[in-house]
Every structure is written in structure tokens, then in C-alpha cells.
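We did not get these values from a lab; they are worked out from the coordinates using the rules stated. Remember, it's a predicted structure, so these values are computed and weren't measured experimentally.
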Amino acid sequence: MGGFSYVKTDGGDSGQRMRLYNRPATDAVKVSVGDLVILNGTATAEGVAQVVMCTGTISTVGFSGVVAGFVPAFATESLSINGVAASTAADLLICDDRDALFECETTATLAITDVGRNIGVTCTAATANGNVYTSNMVLVTPSDTADRPFRIVKLLNGATSGTLGDRALVRINSTTTNSGLAGV
């Protein structure tokens, strides 16, 4: 799986850290577990906040949470799909917990001196191969500014390269609903 893989939370039970959001059919990109989403400023008739997938490079505040799962539409769901097709409405479970830790690939190898710094993200729409959706989000551009969306907690070996720093353990630093702290 690509994108942001949930590892754990330092703040208690992970089941209490997921919130229900709605993705409207007007969002014209594929969405997968591990993708970043942003509030779009509206809600459903039931009052559930709506989100759309983040796009482009986020080097400042620009996301609201990480897709952790989907609420199945039992009338049409085979329970084998881990994503949502473009222009399809869905209820999403989003992790917006500042204590959550995620693993994610990087576009360039991070140095040991990058641990503790903040980092941006490049958001690219998920790809689908049959019922398998893959997130294409990656970490980019470490910085010490407070508005970067993630904080680097630990360097990890890349999933395919095996090189230390090609993957990182990160914590949410700054979102559209929580301001961040400067990196060290």
C-alpha cells in the first residue's frame, strides 16, 4: 500500500481517533486508504462534514486528515474494494488525530539531521487495478517552518529500495483545523 500507512496512536485507542466524513460525487479523482483529504466547506443534509482529496504539493497547511477506511454501501459493495472511484460519493473514516503515527515513502532520501523537522507532501490521485486502489502520496521537502503538514519522527528503510531515509515515520503537525509547531 502506498501513501500514509497508519502505525499507531500515542493518545489512546485508535478506534476513538477516526471521524466520519463524506466525500461528494463532485470530487473527480480516485481516493484510496492512505490519501490526504481536506474539508471543502460544506456538509451533507445530515450535517456530516464533506472532504475532497488533496492535490498538488502541500508545503504548508493544506489537509484535514488521512483516509483510514470507508463505510460500505451494502447495496452495491463487494467488501473487497479499498478505494472510491472518481466522481463517486462515499462516507469515509478519517484519522485527524495529532497523536497518530504514519509511515510514508519520500521522494528523496532524508538525512539523519532531518529527524525532528517538518515535511511537505505531494498529493497525486490514487491508481486502481481492478478492486485494488493504491495511494500515490509521498513526503517531500523537509523544513523547519511550523506550517508543514507532518513532523519527521524516525527514518525507516524504503519499502523497495531498502535505503534508510527513503521512508519515514511521521506525525501530523499542522492541518486546516490544528496549527503546527516549528521543527527543531
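Below, the figures for the structure above:
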read-out	value
Per-residue ³J(HN,Hα) for the stretch 21-29, Karplus 6.51 cos²θ - 1.76 cosθ + 1.60, θ = phi - 60°, Hz, x for Gly and Pro	10, 10, 10, x, 5, 6, 6, 8, 10
Distant-in-sequence amide H partners of residue 65 (H built 1.01 Å from N, under 5 Å)	37
Cα-only Debye scattering, the stretch 88-179: base-10 log of I(q)/I(0) at q = 0.11, 0.12, 0.13, 0.26 Å⁻¹	-0.34, -0.40, -0.47, -1.36
